[in-house]
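Okay, structure first, notes after.
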Amino acid sequence: MTDRSIDARLRGSRRRGHEHREFALSTIAPIVLLSASGESGEFHPPSISEFFPSAIFFEGSLFEFNRIMLVRVIAAIVLIALFVVAARRAKLVPGRGQNIAEMGLDFVRVSIADEILGHNARRYLPMLTTIFFAILAFNITGVIPLLNIGSTALIGLPLLLAAWVYVVYLASGIQKFGLLGYLKTSLFPPGVPWFLYFLITPIEILQVFVFRPVTLALRLAANMIAGHLLLVLCFSATQFFFFEAAGALKAMGVVSLAAGFGFTLFEMLVAALQAYVFTLLAAVYISMSIEEEH
């Protein structure tokens, strides 16, 4: 399976997501501009500073701990606790909670690991399962009251996960083919006229060593940043219209509130979709590194 085939598989879902976001921004922007001119107050749209909250502990140090770090810790504890409880209460006839846990695990095993990696799936299944549920948990915090921010919206965590995938697929390829063998199979596709390697090999170098990990991290972070800003825009506009706007503009609060709830549901879908996309591409990159031919 190649990057081109996977891109074709995912292009439709990504396009729909981008269209929804563009529609939302084009719909909300005129509302914001109108409301900002109200006589009763001034609208303050969300900014990138949302992702750089004040420190809670150890401000200015290497171990600075802020609200996003706290959200990550909470999400990790809840995720681990859920699976520990489900495992300890496992029964021959599963209950509702056990059914949900098993459905999630089977989804990763069947729809991602087995489908992409085939007979190699079992070796990488723990990693893929961890990545999928970790990203899902860290993403979904963006729509949970009192947490209200996706933990993957700050680039550090997506970079860490992408680096994990990067190391694993390089190590797997080198382990199977040796260093020189892996470079040969990855950078010099068979069946290509020798003179085309001057064009293809530099592209393959960028793809294998730069584009794959970078795009994994950027795709995840960018989607969660956009989703968070969109939700904050909708609900802050709602607050402005209901409590500060003058006259007939107050009625626009109903529109922005409905948009906020609608995009909350959409953001839940994006949270799950991004977990799936990241895990799927991780499996694809591993598969490509251990295949005989690409």
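Brief remarks follow.
- GLU115 accessible area, 1.4 Å probe, all protein chains in place, Å² to nearest 10: 100 Å²
- The C-alpha atoms of the range 62-290 occupy a region whose extents along the principal axes are 73, 53, 37 Å, arranged from largest to smallest.
- The range 42-103: chymotrypsin sites (Phe, Trp or Tyr not before Pro) in DSSP coil with no more than 15 other Cβ atoms inside 10 Å: PHE58, PHE63
- For the range 79-136, fraction of C-alpha pairs farther apart than 19 Å, in %: 33 percent
- Rounded to 0.05, the FRET efficiency of the PHE65 and ALA272 pair, given R0 = 35 Å and the Cβ-Cβ distance, is 0.80.
- Leading residue at positive end of dipole, the range 150-294 (Cβ point charges), from ALA251, TRP164, ILE203: ALA251
- Length gained on full extension, ALA90 to ALA248, computed as 0.36 nm times the residue gap minus the Cα-Cα distance: 51.2 nm.
- Between the C-alpha center of the range 82-130 and that of the range 251-294 there is a gap of 20 Å.
- The Cα atoms of the range 254-294 cover 58, 12, 7 Å along the three principal axes, with the biggest extent listed first.
- Point-to-point label distance, ILE174-LEU196, nm (Cα→Cβ direction, 7 Å offset): 3.0 nm
- Residue order for HIS228, HIS44, HIS119 - accessible surface, 1.4 angstrom probe, largest first: HIS119, HIS44, HIS228
- For the range 37-154: span of alpha carbons on each principal axis (Å, largest first): 63, 38, 31
- Cross-link partners for LYS176 among the lysines, with Cα-Cα distance under 17 Å and sequence neighbours closer than 8 places in the same chain left out: LYS184.
- Among THR141, THR130, THR185, the sequence by solvent-accessible area, most first, with a 1.4 Å probe is THR130, THR185, THR141.
The values are calculated or read from the model by the stated rules, or taken from the named source; none is laboratory data. What you see is a predicted model; the values in this text were computed from it and never measured. Positions of Cβ are backbone-derived with ideal geometry, glycine not excepted, and every protein chain shown enters the neighbour counts. Note: accessible area is taken over every heavy atom of the protein model, side chains too, but ligands, DNA and RNA are not part of it. Shrake-Rupley method; radii C 1.70, N 1.55, O 1.52, S 1.80 Å.
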